[in-house]
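> Pasting a structure here, questions to come.
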Amino acid sequence: MKIGAGRGRSHHADVQLNLLSQAGISRSISAIQTTTREKIEVELGIVAAETWPPRYKVHKYWGRKPANVVSKYIEFFSRRGEQVLDPFAGSGVTLVEGARLGRHVLGFDLNPFAARLTSAMLSPPSPRAFEQAAKAVVESATRAVGHLYRTHCDSCGGSATLRSVGYVGQDAREVRYRCDSCAKSGNRSPTPEDERLLKDPVHAPPSAPDADILFGWEMQKLKRRGLRRWRELFTPRNFAAAAHLREAILAERDASCREWLLLTLTASLAQFTRMIADFAGDAGGPSWKINCYWMPEKWQELNPLWYFENRVSKSHDSIVDLVAEGAPFKNGAARIADSRALSLEDNSVDYIFTDPPYGGEGIQYGELSLLWCLWLGEQQALDAEVAYNPYRNLDQAHYAKGLAQVFAECHRVLKPGRWMTVTFANKDPVVWDALMHACRNAGFVLVTAAPMKRSAPSLTETTMHSAPKADLVLNFQKLMEGTRRAPVHSTSYSVEDAVTRIRAAMLRDGLEADTHSLFDRVTVDWFSWFYENGNRPEAVQPTLARVEASLRGRPST
């Protein structure tokens, strides 16, 4: 299907498809920019995502970008001592990587959890001080609630530590434990004593955090199950145990240790809830695996003391790695602030790397942080979030306007001739429209675009056929003062022709032309065409279904 976009010679037909170092596709730009584009392609190509280093073990965060990719871009587009900005700071990868590379880094985020996590990573305590503080917290909580997680060993009859209880609905089916005497692990049906501990009333401290659940997009499964308060997501004894851990943490005098212990608590908090499915077989460890709040029918109650200690070891590994990389860093800061009005002077930033919210049916960062923020004592300005969320009356126009305002500010504060890198994953053309209009109207010139595979795809990405399998890395430049964007010719775009052209180029270069890889590259190709021409006819939508339809009848490879 071809859709005309105007008059004149087809600029797209004059462009030779360019696979960026075995993968991505870039569009032609003016002669002065072509040299820059080629240098970027040679120096960066497609950076293979690596697993996250230990410094990021401290806490889960949805959509975290590979640290090695972020650091590679920071190194290429900036120099030591220069100012690097992330207006959507999120989990802090840009700031942490930039700080350890000697850049002055600044991040803004409306989500207080994001700002606190990033600030903590920039200023960790000493490993020894954290270890001692964590030990004191575990001992205090164990004195308060340790008796609630005791059972006996079937092998030696000795006292054992309860690790988890497997449930189906409201029925406890299996008790799992580790013996304190013979060190054997075991499992069995609950004994009368186990049943008594499960049913005995347990009272949490008055300071235990609780609130009405905001039934946004990611809480609908809880609403259908009849929950109204956050405490109902926990079993009574786990809610009490988590509250006692928090009380012990708040008693810690060292501010840095206290903050890291609070984040260790929020990092393990989901494991204390009824959201942990009781999977059999090779399903990984018990964790919060999907990006929503839910209550599976087959679930397990985990011992909070046991799993908090496990999380302490991960936090300790993070601290050790950060300290080895030069932390605490004096050259970085994260602020709870709205990037639609940056508190920075014009032309003051040397490089921007950011991963904006994806819009559409993307990750709801604010909602997914609500439980963490509750236990940190933070309030979120969710109505101001740059997001699309029909359950909170945030429509596509709200999302598009927010992006436009943020990128207009980015253009204002970025120095002329310098660069902004944006990663983006949503493949919905309507959402792409918002990003493209925001960057183009701000004045940015798109120079390169390429796919980036994730280091650890989410369960949603792995199981959903239509979920994006790669982010796109987009490199924009702010033109020098007095320079104008080179004019482009209007053209027509055909998804079917693009599939044929790109598939041939991939096969010629020895690449596997599977449907999702083609979809990623067609999206890049279409994005570049749209950005140059400034208008997308409504009928042109490079959807996965359209790519699949274009491939029907072709011989498999």
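> How far apart, in nanometres, would the label points at ASP497 and GLU131 be if each is projected 7 angstrom from Cα along the Cα-to-Cβ direction?
That separation, rounded to one decimal, is 6.6 nm.
> Per 10 Å bin, what is the whole-percent P(r) computed from every C-alpha pair distance within segment 304-355?
Histogram of Cα-Cα distances, whole percents per bin: 17, 30, 28, 20, 6, 0.
> Quick one: 3J(HN,Hα) in Hz for segment 92-109, Karplus 6.51/-1.76/1.60 with θ = phi - 60°, rounded, Gly and Pro as x.
With coefficients 6.51, -1.76 and 1.60, one gets x, 4, 4, 5, 5, 5, x, 5, 6, 8, x, 8, 8, 10, 9, x, 10, 7 Hz.
> If the chain between LYS199 and ALA504 were fully stretched, how many nm would it gain, using 0.36 nm times the residue separation less the Cα-Cα distance?
103.3 nm
> Select from segment 37-125 those trypsin sites (Lys or Arg not before Pro) which occupy a DSSP coil region and have at most 14 other Cβ atoms within 10 Å, ordered by residue number.
ARG79, ARG80
> Two decimals is fine: what is log10 I(q)/I(0) at q = 0.12, 0.18, 0.19, 0.23 Å⁻¹ for segment 223-340, from a Debye sum with one equal scatterer on every Cα and no solvent?
-0.58, -1.06, -1.11, -1.31
> Quick one: 3J(HN,Hα) in Hz for segment 506-517, Karplus 6.51/-1.76/1.60 with θ = phi - 60°, rounded, Gly and Pro as x.
Running phi through 6.51 cos²θ - 1.76 cosθ + 1.60 with θ = phi - 60° gives 5, 5, 4, 8, x, 9, 6, 9, 6, 4, 5, 5 Hz.
> Long-range amide H contacts for ALA89: which residues qualify at under 5 Å (H placed 1.01 Å from N, peptide plane, sequence gap of 5 or more or a different chain)?
PHE108, ASP109
> Hey, for a label at LYS221 modelled as a point 7 Å past Cα toward Cβ, could you say which residues of segment 361-387 have their backbone N under 18 Å away?
Once the point is set 7 Å along Cα→Cβ of LYS221, 361-372 turn out to lie under 18 Å by backbone N, inside segment 361-387.
> Compute the separation of the alpha-carbon centres of segment 264-315 and segment 341-360 and state it in Å as a whole number.
Comparing the Cα centres of segment 264-315 and segment 341-360, I get a distance of 34 Å.
> Just for the Cα atoms in segment 69-225, what are the lengths along the principal axes, largest first, rounded to whole Å?
Principal extents (largest minus smallest coordinate, Cα): 65, 42, 32 Å.
> Could you state the number of Å between the C-alpha centres of segment 224-257 and segment 185-207?
Cα centroid to Cα centroid, the span is 17 Å.
> I've got another one for you. In whole Å, what three semi-axes, largest first, describe the equivalent ellipsoid of segment 237-277 built from its Cα gyration tensor (square root of 5 times each eigenvalue)?
Value: 21, 12, 4 Å, ordered largest first.
> Work out how far the C-alpha atoms of segment 364-424 reach from end to end along every principal axis, then list the three figures in whole Å, largest first.
In descending order, the Cα extents are 43, 27, 18 Å.
> Please list the radius of gyration and Dmax for segment 173-281, considering alpha-carbon atoms only, with Å as the unit.
Final numbers for Rg and Dmax: 16.7, 48 Å.
> Then there's this: Which log10 I(q)/I(0) values, to two decimals, does segment 48-101 give at q = 0.22 Å⁻¹ under the Debye formula with one point per Cα?
Scattering profile of segment 48-101, log10 relative to I(0): -0.85.
> Throw me the Rg/Rh for segment 123-199, computed over C-alpha atoms with Kirkwood Rh, two decimals.
My calculation of the ratio gives 1.11.
> Please give the per residue volume of the convex hull enclosing the alpha carbon atoms of segment 342-398, rounded to a whole number of Å³.
133 Å³
> Alpha carbons only, please: Rg and Dmax for segment 257-410, in angstrom.
When restricted to the Cα atoms of segment 257-410, Rg and Dmax are 19.0, 56 Å.
> Using each residue's phi in segment 147-153, evaluate 6.51 cos²θ - 1.76 cosθ + 1.60 at θ = phi - 60° and report the 3J(HN,Hα) Karplus result to the nearest Hz, with x for Gly and Pro.
5, 6, 10, 10, 8, 10, 8
Every read-out reported here was derived from the displayed coordinates using simple, explicitly stated rules and does not represent laboratory data. No experiment lies behind these values; they were computed from the predicted model shown. Virtual Cβ from ideal backbone geometry, glycine too; neighbours counted across all protein chains shown.
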